[in-house]
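> Mind looking over this structure? Questions follow.
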Amino acid sequence: MKHQVARGVKRGFDIALALVGLLVLSPVVLMVAFVVRWRLGSPVLFRQRRTGMHGRSFSVLKFRTMTDKRDGQGYLLPDHRRLTRLGRLLRKLSLDEIPQLINVLRGDMSIIGPRPLLPKYDVWYTAYERRRFDVRPGITGLAQIAGRNTVGWSTRLSLDVEYVDRRSLWLDARILVQTVKVVFAREGVVVDTRTLMSDLDEERGEAMTDEFILTAKDRKLLRAG
């Protein structure tokens, strides 16, 4: 009963903060939407499937930061080749994340919680790390104020579970205040995370293949599916 009341109160705060945030930031939202439409074309919003609470999939919303450029065979170019100067600026200022306030209103996300990650990572979590799905994913969380994109995967996922164990409105308030400080100081911002670390599936897949002492050719075949 106590946990149900706490969840209800948290949800109420989420809705209130999301509404206030969209209202206060509406001039910024309109300006960014106009510039994205002008420089990158339509659509203005980028949608991507992420894994949320209890392992349910949902579409996370962001402002577009990349083009749809393709190679000669029609395949999308790597992210770092499609990321524009405008996109880099939006990511650096965290403005691309604002549409996730809509995800909060929909009930897909919370203001505070573990960041929602790609479904392709689902099979790579340990049983301990899967506890991150016990709560709604958030726009910001413990891992983000601890170093944002500079924090390694194991540490990041451990911080997610730590949040699940320690979650409270007081902790949420502390994380929110610290997030504002981190965003304005632009601490731990990595525009293209692939320059700093591998994706979780690649990192743990390589660790697994190293454990089994597979050849480089075998590792390449495994990553290719």
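> Defining a contact as two alpha carbons under 8 Å apart and six or more residues distant in sequence, what relative contact order in percent does the stretch 2-191 show?
Over the stretch 2-191, the number comes to 20 percent.
> Where q = 0.16 Å⁻¹, what log10 of I(q)/I(0) comes from the Debye formula for the stretch 2-191, counting one point per Cα?
The Cα Debye sum returns log10 ratios of -1.09.
> Multiplying the sequence separation of residue 9 and residue 67 by 0.36 nm and subtracting their Cα-Cα distance, what value in nm do you get?
Gain on stretching residue 9 to residue 67: 16.9 nm.
> Residues with amide H under 5 Å of residue 46's amide H, sequence separation 5 or more or different chain, H placed in the peptide plane at 1.01 Å from N; which?
62, 63, 64
> Given H placed 1.01 Å from N in the peptide plane, which residues other than close sequence neighbours of residue 141 have an amide H under 5 Å from its amide H?
When sequence neighbours closer than 5 places are left aside, the close amide H contacts are 113.
> Could you give the Stokes-Einstein D for the stretch 28-119 in µm² per second, using the C-alpha Kirkwood radius, 20 °C, 1.002 mPa s?
My calculation gives 151 µm²/s for D.
> For the peptides 100-108, 150-158, 65-73, what is the packing order when you average, over each peptide's residues, the other Cβ atoms within 10 Å and list the highest mean first?
Details: 100-108: 18.8, 150-158: 17.2, 65-73: 11.7.
Per-residue Cβ counts within 10 Å, averaged per peptide and sorted highest first, yield 100-108, 150-158, 65-73.
Every number here is computed from the coordinates shown, using simple stated rules; none is lab data. Computed from a predicted structure; not experimentally measured. Here Cβ is always computed from backbone atoms with ideal geometry, including for glycine, and neighbour counts include all displayed protein chains.
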